[in-house]
Amino acid sequence: MRQLADLLIKLVEIRQKSDKIKVNDVECLKHWRHSMKIGTFARKFGLNISTIRFYVNNGLLTPCKIGGQYEFDEDSVTDMQKILRYKQFDFTL
C-alpha cells in the first residue's frame with residue numbers, strides 16, 4: 001500500500017510540472033495513506049455522514065478530495081475534536 005501511495009505521489013509531481021494538476025492534490029496524496037473515508041471518520045466521532053458533510057460544506061472541515069471522495073487526515077481529526085469541544089460550550093455555527 002505504501003509503495004502505491006509513493007508511486008501516486010511521483011506521478012502527480014510529474015503531472016504537476018505540466019500544470020495539469022493543483023499543488024493541493026500533491027499534498028493530499030502525501031497524507032493519503034494515513035487518511036480515512038467519510039463513513040469511518042463519522043463513526044470515529046459517533047456522527048452521521050450528513051453531519052460531516054454539513055461541516056465540510058460550511059468550511060469547518062477541509063478534507064482532501066481524491067477521486068471524488070473525501071479523505072480525512074489527522075488535521076481533520078483535530079478540527080473535529082475542536083468542533084465537538086466548542087459545541088460542549090454551546091457555541092453556535
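For the range 49-83, enumerate the residues that are in contact with a helix residue (DSSP H, G or I) (Cβ under 8 Å, 6 or more places away or on another chain), part of a helix (DSSP H, G or I) and within 13 Å of GLY39 (Cα to Cα).
Result: ILE49, THR51, ILE52, ARG53.
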Item to check | Lone qualifier among LEU47, LEU84, LEU7, LEU29 - being modelled with pLDDT under 95 and buried (at least 16 other Cβ atoms within 10 Å of the Cβ) | outcome: LEU29
Checklist entry - Just one of the numbered conditions (1) of a type in the set (Ser, Thr, Tyr); (2) exposed (fewer than 10 other Cβ atoms within 10 Å of the Cβ); (3) touching a residue at least 24 places away in the same chain (Cβ under 8 Å) is not true of THR92; which one? => result (3)
Next on the checklist: So the check is Cβ under 9 Å with 6+ separation or different chains; which pairs have a first residue in the range 37-51 that's within 17 Å of ILE66 (Cβ to Cβ) and in contact (Cβ under 8 Å) with a residue 12 or more places away in the chain and a second one that's of a type in the set (Ser, Thr, Tyr) and assigned to a loop (DSSP other than H, G, I, E, B)?
Outcome noted: PHE41/SER35
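The values are calculated or read from the model by the stated rules, or taken from the named source; none is laboratory data. Keep in mind that this is a model prediction, so the values were computed, not measured. So basically every Cβ, Gly included, is an ideal-geometry build from the backbone, and we count neighbours across all protein chains shown.
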